[in-house]
Amino acid sequence: MERVNGWARLEELGAEFEAGTRAALKKAGRDYVFQRIGSMFCLYFMKGEVHNLADAQHSDKAAFARYFHACLDAGVYFAPSQFEAGFLSLAHSSEDLAKTAEVAARALLA
């Protein structure tokens with residue numbers, strides 16, 4: 001069996017997670033900002049561009065709080081602050097990411 005480079009696998013997982021998150025946003029009719037580099041990501045609850053903290057502070061913190069708690073109640077734990085990045089690891093499977101996308105889609109409607 002060929003061994004997959006860990007960094008390459010993290011990029012694959014990140015791309016899967018991004019696709020799932022973008023699909024969840026579309027399904028929920030939300031035009032929020034999702035940014036990702038490799039396995040690091042953040043979903044900003046706002047429209048427009050985010051280049052720095054001043055931009056990010058325009059996020060809808062109440063909408064983020066509803067999303068965070070709806071995800072948590074469904075067994076998905078994200079960082080508890082709108083201004084924290086999330087990270088994937090090699091411990092995450094494609095199935096984990098698919099479940100997370102389903103939970104996120106429901107939580108975005110909360």
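Each residue, GLN57 and ALA8, gets one label point 7 Å from its Cα in the Cβ direction; the gap between the two is 4.4 nm. Per residue, the chain exposes an accessible area of 62 Å² to a 1.4 Å probe, with every protein chain left in place. If you wrap segment 19-110 in the convex hull of its Cα atoms and look at it from every side, the mean projected area works out to 5.5 nm². Once all protein chains are placed together, HIS58 keeps about 140 Å² accessible to a 1.4 angstrom probe. Here PHE64 sits with roughly 20 square angstrom of accessible surface, probe radius 1.4 Å. Alpha-carbon geometry of segment 50-98: the Rg and the Dmax are 12.8, 35 Å, given in that order. Running a GNM on the chain with Cα contacts under 10 Å, which residue among LEU25, LEU72, LEU13 ends up with the highest mean-square fluctuation? Residue with maximal mean-square fluctuation among LEU25, LEU72, LEU13: LEU72.
Basic side chains Lys and Arg get +1 at the Cβ, acidic Asp and Glu get -1 at the Cβ, and with that the dipole of segment 13-109 about its Cα centre reaches some 260 debye. Spatially, segment 57-101 and segment 1-50 are offset by 11 Å when compared through their Cα centroids. Fraction of C-alpha pairs exceeding 13 angstrom in segment 1-43: 56 percent, rounded to a whole number. When the GluC sites (Glu not before Pro) in segment 1-42 are filtered for DSSP coil states and for at most 15 other beta-carbon atoms within 10 Å of their beta-carbon, the remaining sites are GLU2.
The values are calculated or read from the model by the stated rules, or taken from the named source; none is laboratory data. Small disclaimer: the values here were computed from a predicted structure and weren't measured. Backbone-built Cβ (ideal geometry, glycine too); neighbour counts: all protein chains shown. Calculation scope for accessible area: heavy atoms of the full protein, side chains included, ligands and nucleic acids excluded. Shrake-Rupley method; radii C 1.70, N 1.55, O 1.52, S 1.80 Å.
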